[in-house]
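Values quoted throughout were computed directly from the atomic coordinates according to the rules given, and no laboratory measurement underlies them. Remember, predicted model here, so these are calculated numbers, not experimental data. Because the Cβ atoms are built from the backbone with ideal geometry, glycine has one as well, and the counts that use them run over all protein chains shown.
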Amino acid sequence: MPNILQVGTPNLNTENRNILNPQDPRQNATNPAINNPVDPTRVVRADGRDAGQDKSTQDALFSEVNYESNYGAFIKGLGEGQGLGSAIERLLYSDMSALRQAGDTEVGALIDKLLMTMRMDSPQDIMDFLQGQRELQARFSGMFFDKLRSALAQNPSESLRDAALAFLKSYNDYSSGAHLLQQLHSLTDDIEQLLLRSYRESFRELADAMNWGAANGDTMQNTNHLNSRLIPFLASYISRTHDYGAVREATMHLIFHAVRYQNGDIGRLMKLFGNMVSDRDFVRLFGEDGQMALRQLLEDGSREARQPMADFADGLSGLLLKGANGQAGLENVQQFYTIMNGMLINESVFMPLLHFIIPFQYEDKNVVSEMWVDPDSQKDSEDEARKLKVFLKFDIQSLGKFELVMTLQNHETKMQLFVPPSLLKKEKDIQADVADILKKNKIRFGQLMVRERVRDRRVDEVFPEIRQKERTINVRI
């Protein structure tokens, strides 16, 4: 029988002391090729190398990322996607005419609609546009959710914690109800094209029976139709045709959105809110204002209350989807995928910051801004007031690219403004203008530095706390 385990007798020659054992940890303490613990009796680096070996000053902070982990992949994608603002600028202001000539009238209509939502007539319009993005991003903001966070942070009863989490999940689906219904509509159109021709007419009849204009939160009729007719039809189709490819994948997406749409029913939301209100800890914090707080939430949670911002978001997403499918020209597909990937990276579950994209047209100038906000930045001590940190990138046509890093605390700000080289000589004028803007908004500035912009700053460079999660155990399956 062959010795497949390569078992051999030990070397009994004890006189030859100069033979090196390659498995002896003491002989490999300085070998950089060893990536496992080199000496189990001592606490050392895993590879036995000096921490400062072969590292430049710029890369010293970012070199220890494990890109095989989920979080490491996010950090890598965050660095690769830092050109998102430039890509959007090229798409919206440079390539629009070419896209119109692509021959797809639907794409042309989407472009015209999107451009209309980006035209600003006054500074107040710009503020409203930014406020609309904030409301869409920070959905769980306001006094109600601040009090609820305070209640959950005080180790409440298990019943209140479960009731609050169930309510928050339902509210999240309710506030996305109109968007979920739109996604369901798009999915049914896509599925129809994937079905065999003999099944399309029957499926179209079922899809047309949906109430696609249902009010937000009124989900009962559509949910019953989905569960009793439309989804069973697709399940039967897959079983008969053994189509386990695109049709089944699209059906799973349909079911996922249908479950969320059903969970956002207004009746269910009211019931879960009632369960939370009946808890004594909730009454102690909110008093008799619970019902009023709910009414305000229902108004704020509906996308129809933010229609201008919803039009922009839906227009941009619709254009990106058409472009990624090649309807704006096959030569532009990669550009659309680049933008979509950059936007998804900034909406990752690992991203602890609010991310805003603010393209607009004002006074015949095209502007693309990208902003990251940490609404609760790190403080030097727990006794200090809340600290806000903002990183803003913006590109003004005919002027160039700017970057702004700002912290705000107790109505006092510290700012670093990086400007194009052509504006560096106007440093004093810029400082005076910025000071006037801050004064009008009742904000003092403790420090204002104007410097030349020589390179793009990474988000994780301005917000180094993003990388703190590298210290945790993180694996990719």
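Cut-off under 21 Å on the C-alpha distance; same-chain residues fewer than 8 positions from Lys401 excluded. Which lysines are left, in chain and number order? Answer for Lys401, where 21 Å is the Cα cut-off: Lys365, Lys389, Lys393, Lys414, Lys425, Lys426, Lys428, listed by chain and number.
Taking other C-beta atoms within 10 angstrom as a stand-in for reagent exposure, Met276, Met220 fall in the order Met220, Met276, fewest first.
Ranking of Asp208, Asp281, Asp112 by neighbouring Cβ atoms within 10 Å, starting from the fewest: Asp208, Asp112, Asp281.
Tell me, what ³J(HN,Hα) does each residue in region 429-437 have, in order and in whole Hz, if you take phi through Karplus 6.51 cos²θ - 1.76 cosθ + 1.60 with θ = phi - 60° and put x for Gly and Pro? These are the phi-based 3J(HN,Hα) values: 5, 5, 4, 5, 5, 5, 4, 5, 4 Hz. Per-peptide packing, taken as the mean over residues of other Cβ atoms within 10 Å, places 251-259, 163-171 in the sequence 163-171, 251-259 from highest down. The P(r) of region 388-467 has a tail past 20 Å containing 35 percent of all C-alpha pairs. Using the Cβ of Gly342 as centre and a radius below 12 Å, the other residues enclosed give a net charge of -3, where K and R count +1 and D and E count -1.
Looking at region 347-428, the GluC sites (Glu not before Pro) that sit in a DSSP loop and have at most 15 other Cβ atoms within 10 Å of their own Cβ are Glu347, Glu363, Glu382, Glu384.
On the basis of the beta-carbon distance and an R0 of 41 Å, Ser398 and Met351 show a calculated FRET efficiency of 0.80. Exposure proxy ranking for Val349, Val368, based on other Cβ atoms within 10 angstrom of each Cβ and starting from the fewest, stands as Val349, Val368.
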